[in-house]
Structure formats: C-alpha cells, structure tokens
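This report refers to the structure that appears directly beneath it.
The values are calculated or read from the model by the stated rules, or taken from the named source; none is laboratory data. Because the structure is a prediction, the values reported are computed rather than measured. Note: ideal-geometry Cβ built from the backbone for every residue, glycine included; neighbour counts use all protein chains shown.
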Amino acid sequence: MTSENLKQAVAEAALDYVPRGEIIGVGTGATVNHFIRALGRIAGDLEGAVSSSEASTRLLEAEGVRVLTLNEAGDLPVYIDGADETTRHLQLIKGGGGALTREKVIAAASRRFICIVDSSKLVGTLGRFPLPVEVIPMARSYVGRQLVKLGGRPVLREGFTTDNGNLILDVHDLTINEPMKLEQQINNIAGVVSNGLFAMRPADIVLIAEEGGIRTLKGQ
Ligand code: 5RP
C-alpha cells in the first residue's frame, strides 16, 4: 500500500469514533483531508465541526459540514487529527502543517483525542521530526537563541505565516527524552505561542494504519 492508501484507510477507520448529532473537532493535514472527505458522507448526521485551520475549514465547508468557532461550540466530545510522530505512550509531535496552536487548544477542549497516522509516524523517541515552535514575529531571534541553549537547531520556516499571523521555528537535533519537561520549558520562553509537543495532553487513542490493517493504541 502507498502512504496515501494508508492515510485513507486510517481516516476511514476514524469515522467509527464520530458521535452522530454532535459537534466534533477536526485537525489539519493530508491524513485529515482524507478524513474530511469521508466525513462528507455523514455530514447530515453531524451538528458541525470546529476546525484547526483555515485550510480544513474550506474543505469542511466544501463537504457540507457546518463549521463553528470553539467559542460557539464549547467543550467537544471528540477531536480527530493527525501527527508527525507518535510514541507508544501516545505522546506526539505535531505542527508539520503549522496549525499546532489551534490544534493544541482544540485537543485541550476535547474529552477524547483520536490521533490518526500511518505506520511511518510511530517512533521510539520523539525528535527525528523537527519540533515546530510558533513564535510572535518580534521574538523570533530571542526565542531562537533560547532554543539553541536547550540543545536544538532552530530553522525559520521560510515564507510561512500561521493562521494566527505568527512564525514557525522548526527545531532540529533535539533528543526528547522527557517530552513533558521540554514542552513546559519551551512554553516558558517569552514570545513562544505554543510548541508541537503533545505530551502534557497526549492522544487518548492512536489509530495506526499498517499493511495488515489498523492497529489501536489506547492510553490509560
Ligand atoms: C498539522 C499537523 C498534522 O497533523 C501533521 O503535520 C501530520 O500531517 P499529515 O497527515 O499531512 O502527515 O500537526 O499542523
């Protein structure tokens, strides 16, 4: 199976976790794009969706799904999103698509976070994928210097502005042995909006598409 086939398979599997008649959270990325297309088939059974990006909002609306703000919707029963890396402990790196801040807010406001990935995303230790950090523009150099002190090599994502009007530093060469500690350390740097570590609020379920089918990892 190609990587696209695996993404599509796991996106279809996620439909089983969508409660009918409710408002759900929907993430961003190629895997989620497959999910949104699948969601289109049951759009009439949904109350609506809260979207983590302008790109997903456009796709959801094209599929006939009503998009609400998180302020309108309140807490959500379920959030479905992809990831750039996941461990067996359901801790993630996200933000390859640059939507990490809204993703983190929606995950925090959701009772269940279902993460959908293909098997290439499962790692022993987080950090092979450069860690995205959203920063306000005037703090870019300062934050970069602090990230170097933490052992990373920050690289500005060229020509990219987040939906919130900010910049992304992709931090290479981090060995992330203590994801919760690093998530907090980076959050504490002045000028950081959020970082792509989802360790303090990991996924509740990770669905992994493999050649043999869908594997389900569950948290406690
Ligand atoms: C976007 C994300 C995505 O979930 C992550 O980048 C995975 O994307 P894809 O499904 O395209 O591999 O965090 O900010």
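Can you find, within the stretch 45-62, the residue that is farthest from residue 33 (Cα to Cα) among those that are small (Gly, Ala, Ser) and away from the ligand (no atom under 15 Å from the Cβ)? By that ranking, first place goes to 48. Output yes when any residue across the stretch 86-93 is of a type outside the set (Gly, Ala, Ser) and over 17 Å from residue 202 (Cα atoms), and no when none is. Scanning the stretch 86-93 turns up no residue that is of a type outside the set (Gly, Ala, Ser) and over 17 Å from residue 202 (Cα atoms).
Look at residue 167 and say whether it is crowded, with 18+ Cβ neighbours inside 10 Å and in contact (Cβ under 8 Å) with a residue 40 or more places away in the chain. Here the answer is no, as residue 167 does not meet what is asked. When each of 135, 143 is tested for being away from the ligand (no atom under 16 Å from the Cβ) and either of a type in the set (D, E, K, R) or not assigned by TED's automatic domain parsing to the domain that holds residue 24 (or both), the lone residue that passes is 143. Residue pairs whose Cβ atoms lie under 7 Å apart, separated by 6 or more positions or on different chains, with the first residue in the stretch 25-47 and of a type in the set (S, T, N, Q) and the second within 13 Å of the ligand (Cβ to nearest atom) and in a loop (DSSP other than H, G, I, E, B), are 28/52; 28/53; 28/97; 28/99; 31/82.
Residue under question is residue 106, and the condition is that it be surrounded by 15 or more Cβ atoms within 10 Å (Cβ to Cβ), without any contact (Cβ under 8 Å) to a residue 40 or more places away in the chain and either of a type in the set (A, V, I, L, M, F, W, C) or near the ligand (Cβ under 9 Å from one of its atoms) (or both); does it hold? No.
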